[in-house]
Amino acid sequence: MRGDENRNLWTYLQVGLLVCTLAIGLSEYSLWEHYVVTRPRARQVEAGRTIPLVSHGVVVYLTQNEKRRLTLLTYVGNGIGLVFVLFSIWKQFLRQGS
């Protein structure tokens, strides 16, 4: 009975990591699209909009904070996704051993 509880805990953790990965990935995609639609297409040095963001031939200009926010979401999403993949491989390895 104890083994089933542990297996359920690991499965819940795996599902939680997957949900976090998907949520952060969708947030990053949504923010990217929001920036492409709402940010100016001309450089505005006085407003600090000097960092180009290219999406399918459309170039918009971001501030340093906007770029940092987008980069943070990308790194966190990729990191949690990597943890999910490694955890899934580790869990499969343990399953084969027992």
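General remarks:
- Look at the range 48-72: where a residue is farther than 14 Å from V37 by Cβ and among the hydroxyl-bearing types (S, T, Y) and a partner is crowded, with 16+ Cβ neighbours inside 10 Å and modelled with pLDDT of 95 or more, sitting 6+ places away or on another chain with Cβ atoms under 6 Å, you get T63/R49.
- Options R69, R49, R41: the member that is in contact with a helix residue (DSSP H, G or I) (Cβ under 8 Å, 6 or more places away or on another chain) and basic (K, R): R69
- The residues listed here are R69, R43; of these, the one that is of a type outside the set (A, V, I, L, M) and in contact with a strand residue (DSSP E or B) (Cβ under 6 Å, 6 or more places away or on another chain) is R43.
The values are calculated or read from the model by the stated rules, or taken from the named source; none is laboratory data. All values reported here derive from a predicted model rather than from experimental measurement. A quick note on method: Cβ atoms are made from the backbone with ideal geometry, for glycine too, and the neighbour counts reach across all protein chains shown.
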